[in-house]
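Input: a single structure, listed below in structure tokens.
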Amino acid sequence: MYKLTICHLYPDLMCLYGDRGNIIALTKRCEWRNIDVETVSVSLNDDFDYKNYDIIFIGGGQDFEQTIIQDDLMRGKRQRIIEAVEEGKVFLGICGGFQLLGKYYKTQSGSEIECVGALDLWTNSSEKRLIGNLVIECDFLKTQTKDGYVVGFENHAGKTYLGEGVKPLGKVIKGFGNNGEDGFEGAVYKNTYGTYAHGSLLPKNPALTDHLITLALLNKYPEFQGLDPLVDNLENLARTTVIKRILAEKA
Amino acid sequence: MKDFLKRMRLMAAIVITKLAVIGLRLMNRGGTSLPGKIALKICPDILSQLSDRFRIIMITGTNGKTTTSRIAAGMLEKSGIKYIANKSGANLASGIATTLIEALSLTGKAMIRTALLETDEAAFKITAPKLKPEIVIVTNFFKDQLDRFGELYSTLGHVREGILGSPESTLILNADDSLCASLGQGVKNPVIYYGFADGVYPETDFSSNNDAPYCINCSARYSYSSVTFAHLGHFRCPRCGYERPEARIECTQVLSYDNLTSTVEVKTPAGKIAARLALPGLYNIYNALAATGLGHFLGLGVDDIKQVLEGFESGFGRMETINVMDKEIKMILVKNPTGFNQVLKYLLTQKNKCAVALALNDRLADGTDVSWIWDADLEILSFMKDRIRSFYVSGIRAEDMAVRLKYAGIEQELIKIEHDENRLIDQLLNDVTDNETVYILPTYTAMLEIRQVLKNRFKLKDFWK
């Protein structure tokens, strides 16, 4: 029997906008396939021994909470997060967690807050918050029967820009995405995924969830052949219903 | 000349607003916000101009504003004070303006001198300094509609700013909420705190403190000697010493607690009260304590306060019971994770079989971001599956709620999607037998829609009456 261990980084601090739903989705979709799952919380002053984990998740936080974790992150966990990303661990960062994986966050006053620097991207604070429903198209999720669309909700005051080394997660179909300027959303580097889409992201986008689970199983079990399909009628109905509605708003 | 123009503008605003109210009611529309919007257009500083004509009590905070207002209204009645109130949740500046203008004669004289105003947190920042309230009651702060308010701490900041602009107001604050209690730090305002005595509530659920686990002053993690729910409890910061302040109004015992009532002992400076609240749910005990704070301020004796607390029945939509033959529909508003969790825990006290419908909308008043349903413990419903005859989801985002239920452990075959409110009510009533209950848990605008249907079919009272 396969087993995966999920690490939820700073669940008491970086858990905004239903981030918990992502852990629930990963867990349930493993359980329904008889894959054993365990979730471990790692927060302030805890060791982050990434080698014990197969999927690492960090969600969004409010400014107050992000300042609390700043020290803890830069003191101990920073180097380990960089190593985890470089080693190809499956890593998902959403909203504030996405920004933290980058190099820095530049505030309104122009000062740069140093971030983890695991991904070649950076964020400048913007005056206007970018808020609303978000639909993107992800090439790596496209198949003959699947459109590769991912839907979520974005709410961020930062504009993120990608450097040479990272690719966007997808192309913006509706919404702002990374910065509201270049038409792209999120970032992918090795097995690390960052995005502004919450909503929760994973429950309504089962193809993306299964993609992450598959990568984690392949990392751990080289002989792994592929996931059993699940009945995703409700998930797909929720996804297509909201996408249809969001796209219709354009008119 | 300038004063004359100012006065003319005010008079014009009053007359036109009153006409608009009458017109909208004739057309059978609520007309609780639009007239005030017009008034604010004609006379932008109308609230400041009207403030000295009224004695004003404002109630704000994330959860419990409406229920607290309703119990507070009972306290006013008991004190023999005539008052006006924005009862129907029209709690932005426009709704407040409508309410105040309705209490004026056509010549601008206040016919009723006291105004009880439930106020949205963001609107409080702007309206409180203008209205100069005599009393401000703050219920609590939880994460709520972050798409509209921004962060929890900016919501708190709004209220703090409103209070800084009203240094004369007496504050009635929740002592158990580290965020709410902090409003009483370093201000000159007189403060009356309310809360639960240490360890009174038998639950110690430390895991669910996601809203405010860290000290608002110095960011160290609070330690708690007891918790009531979420981040409410007897907190203390080990680093800077900020701690739950002493409460003048305190619940010292929960004597009984079921799905219809809770019986509590409340300590006030005037003596102890044992009251049976006709309201279930721990969160409603807090609302009762907040209103008791007002009763204390007004100088009511313990017997009077007891009578108000026991005589109160739940208001518009927050929890509403409609009897249909021998069956019962209970509609309870849900709007954020903490409130939702309290309602779900309340459902656990339900002993008979029941049917449950969840109605999720994503209009502005509901919050356009529905991700908050993932922060609520819908898993509770899977623990009581054997008592639930059927699960329905409805509203604009019914499908999102269906997915939430599925991932909460409800088999997908059991989850029924029904967008039509009439059919929803038919099916729910059809699924339960006599003496059983149908629970409808809607978000704000979904509640208005379902209520309209219930009103047409079962002749409910209009909500602005």
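With point charges of +1 on the Cβ of Lys and Arg and -1 on the Cβ of Asp and Glu, referenced to the Cα centre of the stretch B:49-311, which listed residue (B:Phe142, B:Ser69, B:Leu106) lies farthest in the positive direction of the dipole?
B:Leu106
With a 10 Å radius around each residue's Cβ, average the other Cβ atoms per peptide and rank B:245-253, B:226-234, highest first.
Working: B:245-253: 18.8, B:226-234: 23.6.
Highest mean packing first, the order is B:226-234, B:245-253.
Output the peptides A:88-95, B:441-448 sorted from most to least packed, where packing is the average of other Cβ atoms within 10 Å over each peptide's residues.
Numbers: A:88-95: 25.1, B:441-448: 22.9.
Result, highest mean first: A:88-95, B:441-448.
So for B:Lys143, B:Lys306, fewest C-beta neighbours within 10 Å to most, what's the order? Don't skip to the answer; put the middle values down first.
Values: B:Lys143 23, B:Lys306 19.
With the fewest neighbours first, B:Lys143, B:Lys306 line up as B:Lys306, B:Lys143.
For the protein assembly as shown, what proportion of DSSP beta bridges, expressed in % and rounded to the nearest 5, is antiparallel?
45
Return a whole-number percent for the relative contact order of chain B, with Cα pairs under 8 Å and 6 or more residues apart as the contact set.
Working: 955 pairs, mean separation 57.1, N = 465.
Contact order relative to length: 12 percent.
Within a 10 angstrom radius of each residue's Cβ in A:225-234, how many Cβ atoms of other chains show up on average? Whole number is fine. Present the calculation step by step, with values, prior to reporting the outcome.
Values: counts 0, 0, 0, 0, 0, 0, 2, 3, 3, 12.
The mean count of partner-chain Cβ atoms within 10 Å per residue comes to 2.
How large are Rg and Dmax for the protein assembly as shown when calculated on the C-alpha trace, in angstrom?
Cα-based Rg and Dmax for the protein assembly as shown come out at 26.2, 89 Å.
In the protein assembly as shown, which Cys residues have no partner Cys with a Cβ closer than 4.7 Å?
If one checks each Cβ against the other cysteines of the protein assembly as shown, A:Cys7, A:Cys15, A:Cys30, A:Cys95, A:Cys115, A:Cys138, B:Cys43, B:Cys180, B:Cys251, B:Cys354 turn up with nothing under 4.7 Å.
Which value in deg cm²/dmol, rounded to the nearest 500, describes the helix-derived mean residue ellipticity at 222 nm for the protein assembly as shown, given -39,500 (n - 2.57) per DSSP H run of n ≥ 4 and division by the residue count?
Values: 23 runs with 247 residues, N = 716.
Calculated at 222 nm, the ellipticity per residue is -10500 deg cm²/dmol.
Based on the mean of other beta carbon atoms within 10 Å per residue, what is the order of B:291-299, A:24-32, A:79-87, most packed first?
B:291-299, A:24-32, A:79-87
For the residues B:Ser51, B:Ser225, what sequence is obtained by ranking on other C-beta atoms within 10 Å, fewest first? Could the numbers behind the result be given before it?
Working: B:Ser51 18, B:Ser225 13.
Ranking B:Ser51, B:Ser225 by Cβ neighbours within 10 Å, fewest first, gives B:Ser225, B:Ser51.
Under 8 Å for C-alpha pairs, at least 6 residues apart: give me the relative contact order for the stretch A:3-248, rounded to a whole percent.
On the way: 517 pairs, mean separation 48.0, N = 246.
Relative CO of the stretch A:3-248 lands at 19 percent.
Sort B:Lys65, B:Lys345, A:Lys3 by Cβ crowding within 10 Å, fewest neighbours at the top.
Values: B:Lys65 25, B:Lys345 18, A:Lys3 13.
By the 10 Å Cβ count, ascending, the order reads A:Lys3, B:Lys345, B:Lys65.
No lab work stands behind these numbers, since they all come straight from the coordinates. All values derive from a computational prediction rather than experimental measurement. So basically every Cβ, Gly included, is an ideal-geometry build from the backbone, and we count neighbours across all protein chains shown.
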